[in-house]
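The values are calculated or read from the model by the stated rules, or taken from the named source; none is laboratory data. Computed from a prediction, not measured in an experiment: that's the story for all the values here. Heads up, the Cβs are rebuilt from the backbone with ideal geometry, glycines too, and the neighbour counts pull from every protein chain shown. Only protein heavy atoms, including side chains, enter the accessible area calculation; ligands, DNA and RNA are left aside. Shrake-Rupley method; radii C 1.70, N 1.55, O 1.52, S 1.80 Å.
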Amino acid sequence: MANIRPLNEDLQKVATELGEVPSRLADDLAALKEWIRQQPHLRANTDDQFLVAFLRGCKYSLERTKTKIDRYFTMKSKFPELFGPINVDDPKVRELLHTGTWLFLPTPLNGNGPRIGLMRNGVYPADKFAIEDVLKLIHAMQEINMIEDDYAILQGAIFIGDFGKSTMAHLMQMTPSIMKKMTVYSEEAVPLRPKAQHFINTIAGFDAIFNMAKPMFSAKQQKRLFVHGNKMDSLFKEVPQKYLPKEYGGENGSIEEIIAEWDKKFDQYRDYFKRSAEWGTDEKLRPGKAIDFESLFGIDGSFRKLDVD
């Protein structure tokens, strides 16, 4: 029997639409674990709840699931400064968490829809925290959601980027190389399906960064990018105000409360992140041709899809 949480009626319906057959779930997970065991280069988390996130995120295509798991751990090993395990006891990590630069809001959109992520760019001092620090924090939070947030896995996620406190120093942290890695990780490695990205309170200089980043997304995701500027009514047509935090006039928790909950989560996941240091890939052991990362993610040239099937 698969060791995963039972779903409520609404989410079970979504899971079924994605191809999940409860009676076959244990066999699907067993097949995936056997495949992982046979990969000489891959050391992966094989907990049922973790693996089922990939199956659901890939609509139960076993081959797509294998590829995404490989990419997930490949990028963690190659770019640990962005995607590697976090030290939850590092005072700098907690200080960044306490700025509330990234929040997952407690109630999903419309009560049973996609999880809402709020990125508050510029609330941290750019001379103290690099964008790598911010992204590593975000990806640690995403990994926790992969394990315990069924709404994010099954309904996807929408992201709101608030640039009201940004400075040019914050924007300039977003280099083309960093943007490529972020985009590839989001689309090719993480099983949290992005449904939309909204940008508000944008400042001078944002358009240049946005126009540089947009072509790095897939055609499907480019259609899901929305720049609202200072027109909050435009955002509210897509994300009703009640689903934003109290500081935005909504009813979806307060920033202080959300940060406090994530403080507790980080304490709970202390041992998990220590254990996750054992997971990753060893490219020297990869069957077939090794991946040319510098060519894929270098500043020059455009990203070419990984071929790790």
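Summary table
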quantity	calculated
Only one of A204, A260, A196, A213 that is farther than 22 Å from I138 by Cβ and small (G, A, S)	A204
Cβ-Cβ under 6 Å pairs, at least 6 apart or on other chains, region 87-111 side in contact (Cβ under 8 Å) with a residue 60 or more places away in the chain and among the hydrophobic types (A, V, I, L, M, F, W, C), far side open to solvent by 60 Å² or more (accessible area, probe 1.4 Å) and outside any loop (DSSP other than H, G, I, E, B)	V88/R270
Selection count where residues are of a type in the set (V, I, T) and open to solvent by 30 Å² or more (accessible area, probe 1.4 Å), scope region 133-157	0
Every residue from region 50-67 that is closer than 22 Å to K195 by Cβ and open to solvent by 20 Å² or more (accessible area, probe 1.4 Å)	K59, Y60, S61, R64
So E251, is it part of a helix (DSSP H, G or I) and out of contact with any His (no Cβ under 8 Å at 6 or more places or on another chain)	no
Qualifying residue in region 228-239 (condition: of a type in the set (S, T, Y) and modelled with pLDDT under 90)	no
Number of the exception - D90 against (1) more than 28 Å from I131 (Cβ to Cβ); (2) more than 21 Å from the chain's Cα centre (by Cα)	(1)
Test set (1) open to solvent by less than 10 Å² (accessible area, probe 1.4 Å); (2) over 22 Å from the mean Cα position of the chain (by Cα); (3) not charged (D, E, K, R) - A26 fails condition number	(1)
Scan of region 111-130 for residues that are open to solvent by less than 10 Å² (accessible area, probe 1.4 Å), touching a helix residue (DSSP H, G or I) at 6+ places or on another chain (Cβ under 8 Å) and aliphatic (A, V, I, L, M), ordered by number	I116
Unmet criterion (only one of (1) open to solvent by 60 Å² or more (accessible area, probe 1.4 Å); (2) among the charged types (D, E, K, R); (3) at pLDDT below 95) for D267	(3)
Residue satisfying all of: in region 71-110; closer than 20 Å to K274 by Cα and polar (S, T, N, Q); least open to solvent (accessible area, probe 1.4 Å) among these	T74
Of all residues making up region 142-159, the number that are touching a strand residue (DSSP E or B) at 6+ places or on another chain (Cβ under 6 Å) and either farther than 26 Å from L235 by Cβ or touching a residue at least 60 places away in the same chain (Cβ under 8 Å) (or both)	2
Filtered residue count, region 234-249, keeping only those that are open to solvent by less than 10 Å² (accessible area, probe 1.4 Å) and more than 23 Å from the chain's Cα centre (by Cα)	0
Search result, residues across region 234-276 that are touching a Leu at 6+ places or on another chain (Cβ under 6 Å) and without any contact (Cβ under 8 Å) to a residue 24 or more places away in the chain	G250
Counted residues, region 158-214 - those being of a type in the set (S, T, N, Q), in a loop (DSSP other than H, G, I, E, B) and surrounded by 15 or more Cβ atoms within 10 Å (Cβ to Cβ)	4
